[in-house]
Structure formats: structure tokens, C-alpha cells
1. On a C-alpha basis, how far is the centre of region B:69-100 from the centre of region B:262-340 in Å? Whole number, if you could?
2. In whole Å, how far is the Cα centre of region A:89-131 from that of region A:1-55?
3. What three numbers, in Å, describe the spread of the alpha carbons of region B:193-345 along their principal axes, ordered from the longest?
4. Which value, to two decimals, describes the C-alpha radius of gyration of region A:176-221 once divided by 2.2 N^0.38 Å?
5. At 7 Å along the Cα-to-beta-carbon direction for both residue A:140 and residue B:222, put a label point, then send me their distance in nm to one decimal.
6. Roll a 1.4 Å probe over the protein chains and send me the accessible area per residue for the protein assembly as shown in Å².
7. Which of the GluC sites (Glu not before Pro) across region A:1-79 are loop residues per DSSP, with 12 or fewer other Cβ within 10 Å?
8. May I ask for the accessible area buried between chains A and B, both sides summed, probe 1.4 Å, to the nearest 100 Å²?
Amino acid sequence: MLILGVESATAQVGCAVGGHEGVLASTHSARGKRHAESLAPQIEFTLSQARVDISEISVVAVDVGPGLFTGLRVGISTAMATAFGLGVPMIGVSSLDLVAFPLRHTRRLIAATIDARRGEVFTAFYRQVPGGLQRVTEPHVVTPDDLYGELQAASTETIVVGDGALRYREKFSSITKVEVADESLAYPSANSLVALAHARALREDFVQPAQIQPLYLRRPDAEVNWQTRPER
Amino acid sequence: MTDMMNPAPAGQTILGIETSCDETAASVVVDGRTILSSVVSSQVDLHARFGGVVPEIASRAHTDLITPVIAQSLVEAGREGRELTAVAATYGPGLVGSLLVGVSAAKALALTWGVPFIGVNHLEGHLYAGLLEEPDLEFPLVVLLVSGGHTMLVEMQGHGEYRLLGQTVDDAAGEAFDKVARYLDLGYPGGPVIDRLATQGDPTSIDFPRPMINDGYEFSFSGLKTAVINHVRKNPDVSAEDVAASFQAAVVDVLLAKTVRAAEEVGATAICLAGGVAANSELRERTLDISMTSGIRAFVPSRSMCTDNAAMIATAAWWRLQSDGPSAMDLGAHPNLKLPWLESA
Ligand SMILES: [Zn+2]
């Protein structure tokens, strides 16, 4: 079984190919060309580096967010079309799961964050359980002040990870028992995506391409403004 | 352009994808002239209450609809992906978030099936809608391209050879319809509702201005829109049907006067309509009248070929494939993409 993982929910865009033997090849870039320009060439390059023909891919995994809407949709459209074109199933994984994944060996509480811009972050908390991580809160969008409050209230050894944590590093690291993970772990990685998807693929935890749902966590501004119009 | 000594291989089947605005569309066309399928999923209901297309809502809907629409277009065409010659998508002009959905999907499908990807200019797609339905149209051809976002008069001198004769200096024709409809509280989109109301009204009842009707090929609809609003403000009891009919008559007069004059001046043997506003009944009828009253052949594509669709994209892609070959896989969306104009004579 070979999995193609596509990840573009943050400033970073990446893809990886792998399976039972782990990740065979991957590329990530966090600056330069925009997601839509780089993703298809990255997939071509990654597959050629791994000496994998695209027809050998049996599952397409994708980061479904939360994240930056436009980048997220580039990744999802690309991944859905690839799976549809190949006639293979898909696995959607949250960007917050991907950011927490590299910290799975810590006993500390993990607060995964993704920068939501406009002075907010997407976040969810995780804890180590036998065999991996368990998400202990639903993904939600908060202000840094609210997250600060949640971290203080938890009052336990916590590591905060992701580009949302980095943007407000000083704020969060000022809390006792809280540490902010460094830049190397800031973005969801396509390698983590392939690893997490592999575990789910073994359980045949698949969806069809048309069933992939982006996790926006925010409604379009126009809808929000519509419902808060004074005359309503 | 097709080389006469080295013609394109017959039976080139292209999947076209169109997501530049609020229609998610996919179509399979053979050799730029035989439509095997043309699927259009309109989001108009999602945007109606906002009185216009909301980019973020459009992008979300495209993401939800793109896979089912492509799947349906292949099923209706009876073709497998691997039987295709190429996959094409609109890469501009349009809403950037919407364009990216179609471009990303098209590139991924091309990669998956091992076929070329072709990026298509949406306006070039509109220009080819007429030639798709009527391949006998001869160059030079004058095309009146009128939609919610564009109003332009184009001389097609050959395949891929376009000269801009004139365009709007302010509102697009479709925009004027939308704004007048909104002012009259008729809802969105304005084109179809004004078209319907106008059939009950008297087009000669109100003498609205025909802006710049006798000078040049530029269009201006902003003043006409203001004249309509002022008239209704001064005459609150005026019949909406008469306003709709008189406004529509003024727009059509201006559009066709310039189109006919352009055809005469460039020596075109034919004129052709394109774009969403070309679905307007009055414009269609009066264009067909031109064939009767002048020596110019007038072609009016079917309504579904005037509004946004992917068959026109697959057709333009086929011509582009002959002239330029495939596009690069690092092509992105270009929201302000222009047509490759020839230098004005
Ligand atoms: Zn259009």
C-alpha cells in the first residue's frame, strides 16, 4: 500500500509518499511560489524521487484544515482530483492532529495551534494514550487571550506547538508550566500525514473523494455579517 | 494554429473545467466541435440573498461540487479519464479562490492520467462558444462579448488573433442589469428578471439615453443606470415593466449599433454574440434581425453556450493545444488575465 499525502493548510505546502516502510520521499516549502503553482510540480518531483509511478498510489491523504482557506482548498482540490482520477479512496486528517503528532512521545498536555490570522488561532488539546495521541478538546478558533486563559486553567505541564503558538510565543511562554515548541515543528508536515494516514488505512478508515469536508471553523464573512445586520 | 501540412490528429478529446465565478462546470469535447457532455452546476441560489457573488461562498461551493461535476461529465460522455487527450481549466480572469479550485483539480487529473494540462483564458472560451456551435463562421469575425464582468467588442482575425475594438469605460452590461434590478427591488441576478418583465412592458414608453451610441467602440452604462434610477425616483408610480423594457431597449440599441458599425468598418462578414448577457431575449432577437436587414451574417449561440460553461473552455483549449502546446504544471490562477491582443491597426 502506497499513500500520497498532500498538505497545504498553512504558509507551508508539501507532499510525501510512503507506506509500510515509512516515508519514501517528501518535499516541503514555506516560501517562494504560491501553493497552487508549486503543489503539482512537487507531487511529480516527490514521486520521481521515490521511484513511484502515480498509478501505484492506493490511497490519497489530505490535510483538511483548519488553516488558511485558499491554501487549504488548493490542497483539497488537488488531492480529491488525484484520488478521483486514480479511482482510490481518501483519508482526511486535521492540521491540528498533524501539528501535535511529532510530540506524541511527551507526557505533557499538547496544545496544537494554527495561525488563523486576524488576531485568532485555531487550536485543540491532545494527550498521550497507549498507541498514540488522543484529542481532548474539539478544534476551535480562539483569541490568543482566550487560549492564554485555557492554558492557565489547565494548570499542568503543557507544550504549545504550531505557527499559532509561534506568533504569540511571548504571551504563552510567560505562563508557568507552559513551553512553546520551536520553529522546526511549526507547520503540519506531509510526513506526519502519511504516517497518521497509514495507521488509519490499515483499519480501512477511508472516505470517497466527494466526501472530503474541509474543516473551516469559520463561516464566510458575508454570512456572519448577514446574520448580524441590525434590521434583522 | 493548425498547420495544413501537419493537421491535428483526429479525435482529440479534451475535458474542460470552468470555475471562474459562480458556476462549477465540466465538459468533454472532441476536436473543439463535438460536445459529448456539458455539465453546469449553478450556485446562483447561494448568492442571491447577498445580491451578488460572494467570493468565499463561491470558493467553498466549487470545492464541494468539483468532483461530482467532473465525474458526471465523464459518465455522460462515456469516457474514461485515461482515454482523454488533455485536461483544461480556466486560469483567469475571475475570482482567484474559485479559479484555484479548477486549476488545481485539472493539473492533478492531468498528472494522474499522464496527459497534458492546458490553462485557458475564460474570455477566449467565450469567444470560441460561437465557433463551437457554428464552425463555418468566417474570419474576420466581430464578437460582442457581454457578461456580468465584461463588455467588449472583439475582432477575431483568426484563431488566437484578437483585436480589441472597444470595451466599457465603467459598468459591464450585466452589471447595469444587476444594479437596475436591485434598485427596482427585483432581486438577483438582474438579467433574467428584467428580460422577463420587459416582455410585458413598452420599450418606447421612456426615452432613456443611449450613451455614446454614435462615437467609437467604447461603452458606458453608468449614466444610463443613473437615468433609470432618477426616472423612477421622480415617477414612483411608473410601471416596472415599462422601465425594464425601456432600459433594456436602450442597452440593446447601444450594443448593436456599435457591433454593426464595427463589422462594417473592419469588413467582417459575420457577427456573433457571447457571454451571459447574450442570453437576453431582446438582444438575441434584434441580433438575428440584423441578418435580415443587412448583408452581415449574425450568429446567436444557444443560451447555455452564452452563459458560463466548460464546453467553450474545452474548445478554446483544443485550439490552444494546436498553437501553443500544453501549459506548464506550475501555472497558477491569474484573476486579471487579459486576452493576448494584437496591436491596434
Ligand atoms: Zn463568463
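1. 20
2. Going from one Cα centre to the other spans 21 Å.
3. Principal extents (largest minus smallest coordinate, Cα): 59, 37, 29 Å.
4. On the way: Rg = 15.8 Å, N = 46, 2.2 N^0.38 = 9.4 Å.
That ratio works out to 1.68.
5. Result: 4.8 nm between the two label points.
6. On the way: 23150 Å² over 577 residues.
That works out to 40 Å² per residue.
7. On the way: sites: A:7, A:21, A:37, A:44, A:56; in loops: A:21.
Of the GluC sites (Glu not before Pro), the ones in loops of region A:1-79 whose Cβ has at most 12 other Cβ atoms within 10 Å are A:21.
8. Details: alone 11530 and 14380 Å², together 23150 Å².
The contact between B and A buries close to 2800 Å².
The values are calculated or read from the model by the stated rules, or taken from the named source; none is laboratory data. These numbers were taken from a predicted model, which means no experiment stands behind them. Please note: Cβ atoms are built from the backbone with ideal geometry, for glycine as well, and neighbour counts cover all protein chains shown. Ligands, DNA and RNA are excluded from the accessible area calculation, which covers all protein heavy atoms including side chains. Shrake-Rupley method; radii C 1.70, N 1.55, O 1.52, S 1.80 Å.
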